[in-house]
Structure formats: C-alpha cells, structure tokens
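Every read-out reported here was derived from the displayed coordinates using simple, explicitly stated rules and does not represent laboratory data. Predicted, not measured: the structure shown is a model, and the values here were computed from it. Quick reminder, even Gly has a Cβ in these numbers, built from the backbone with ideal geometry, and neighbours come from all protein chains shown.
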Amino acid sequence: MPTIQNILFPVDFSPSCIAMAPYLKRSAAIFGARVTLVHVFDLYSHDALQLYVRSLSEVAEEQQNLAQDKLDSFLKSEFPLGESPRVLLSGDAATQITQLARTNRFDLIILPTHAGLFRRMLLGSTTAKVLNEADCPVLTTQHAETISPRQLEHREWVCAIGLDSDSERVLRYASQAAESVHANLTLVHVIPASGPDLPVELDLEERLQSAKREASSRRIEELQSAAGSQALVSIAVGPIRDMLTEAARKLQADVLVIGRSPRSGVLGRLRDLSYALTRDASCPVLSV
C-alpha cells in the first residue's frame, strides 16, 4: 500500500498557498503525515543601488535572513514550527523542490496552481516543471486565490485508466491509496471517437465502438485482477481530456488520479495529458 508519511508543501507566500492550507492540513490528518514547508528564493534579488553602499555578501545575507523570517512565520498557526519543519533554499524553484523531494524521499508534493486566465493556460512554470521532473506523486488543485479548495472528504476518487503496460502501476496506486482513506474508486477509460472527417457508416462505427468497449473491458478486468482492485468501471467515447474532466465533475470526485510517464524530460512526461487535466479538472489532480 502506498504510504504517505511525509508531504512537501512548496510555498511562495501567495494567496493560493494560504487558501491551500485547510486542504493540506486535512490531507495530512487523514494520512497521518508530517508536512514540511519549503520556500525557494532568489539569493540575488535586490536593488542594484544597495551594492553602492554594501557588499554583495551583506545584501545576500540580509535577503536570506528576511526570507527565513517570513518562512518561519508563514502559516504558523496551521503548521506549528515544532511539528512542520521549514526549509529555505535558493536557486531555480522547480529544480530545488524536486531535488529536495528526491533527496529526502518525500512521499507526496502538494502545491496549488495560480488563478487568472493566463496562469491557468500555462499552469505556471514552476508547477509545470515540478510535474515533469518529480519522482514522487504530485497533487495539484486549481482555484481562485480568494476561494479555499473544496474539503478533502475522500468519498469519491476517480482514476483515469489506460490499457498500456504502465496502467497496472497507476491502478495499483489509486486502488490502495483510495482504500487507505476509505474512498469509493471509479475507473474511467476513454476510447477516442473517430475523426469527423472519416467516411465511416453509422452502423459500422457502432460495431467498431462496441468491439473496442468489449476489448477495453477485458483488458481492464485483467488489470484489476493483477492490481487487486475491485473498482467500478466507466468507459466513455470522445475527447480524452473532456471525457475525464466531465466524469470527475459528474461523480463529484474529491480526487482525480492520473498517470505520468515514468520517463522524465521532454520525451517522457511532457507528452501525456497531465498538464491539461491539472489545468482543467474541477477537483484536485493526483499525478502518480
């Protein structure tokens, strides 16, 4: 069973992070996990005029001290210092976050995406990089800065399931994680519809879709048997992203579990639907 004992919470002191606090606190309580806050700052972010009267090392030290004080006081009531460690790093935010998660073997990274149309379209560069490079699961949620994320009730989980060799890993994780928090799990598999320009007769199209459904059902049954899962199964036909987000909405899912390619880098995780689903889903997305 996937054990979530240590959660990494990257913070930039934004309203999104503040709004995320109740969700994160409840998540940690349900899993019995410890939360570590990390902030990555620019060591040399300062007014160039300061260098006329002070040395670079003095300015950098002051910046570091200010960042540490801000980090220590941030969400102090929700995550007391004695219970939730703080880590201050400098450099590229995504690189430092993923390296810390890898070195300290965190079980989960939880971070919000930022509101605003332009931000939602791009996810934000840090979130996108973390999704691409992190080895551990990453849970993200999209929400307006002024609205807290929905409560993490853990009643309904949805898992987007494919039919490839990596699907068993994703299914096993989703099944065991949902069971550990006593949630219902529904598997959703999407069969892409034929292109509108293809000259396929209606009855032939129906037979093709029926055959694909039967083949998909058999494959999912095999995957569930191998993963020890007994989840409900829903098979939809249409655009993958739209069908998955609609299924999560209809089921009022608390979490949408999706698989990321085990390969990192441009030829790996960037080629899947992680970004689009994280951006568009109405509920938190757990990328494993």
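Side notes on the structure shown:
- Per-residue ³J(HN,Hα) for the range 88-97, Karplus 6.51 cos²θ - 1.76 cosθ + 1.60, θ = phi - 60°, Hz, x for Gly and Pro: 10, 10, 10, x, 6, 4, 4, 4, 5, 5
- In this structure the amide hydrogen of Cys159, modeled in the peptide plane, comes within under 5 Å of the amide hydrogens of Thr186, Leu187, Val188, Val257, none closer than 5 places in sequence on its chain.
- Local charge for Thr3 was computed over the other residues whose Cβ lies under 13 Å away, with Lys and Arg +1 and Asp and Glu -1, and equals 0.
- Phi angles across the range 69-77 convert, under the Karplus curve 6.51 cos²θ - 1.76 cosθ + 1.60 with θ = phi - 60°, into 3J(HN,Hα) values of 4, 5, 5, 5, 8, 6, 6, 5, 6 Hz, Gly and Pro given as x.
- The phi-based Karplus calculation (6.51 cos²θ - 1.76 cosθ + 1.60; θ = phi - 60°) puts the 3J(HN,Hα) values of the range 223-238 at 5, 5, 4, 5, 8, x, 10, 10, 6, 5, 10, 10, 10, 10, 10, x Hz, whole numbers, x for Gly and Pro.
- Environment charge of Val87, counting only residues whose C-beta is closer than 13 Å and scoring Lys/Arg +1, Asp/Glu -1: +1
- Between the amide H of Phe41 and those of Leu89, Ser90, Gly91, distances stay under 5 Å, these residues lying 5 or more places away or on another chain, with hydrogens modeled in the peptide plane.
- The H on the amide N of Ala236, modeled in the peptide plane, is under 5 Å from the matching H of His189, Val190, Ile191, each at least 5 residues off or on a different chain.
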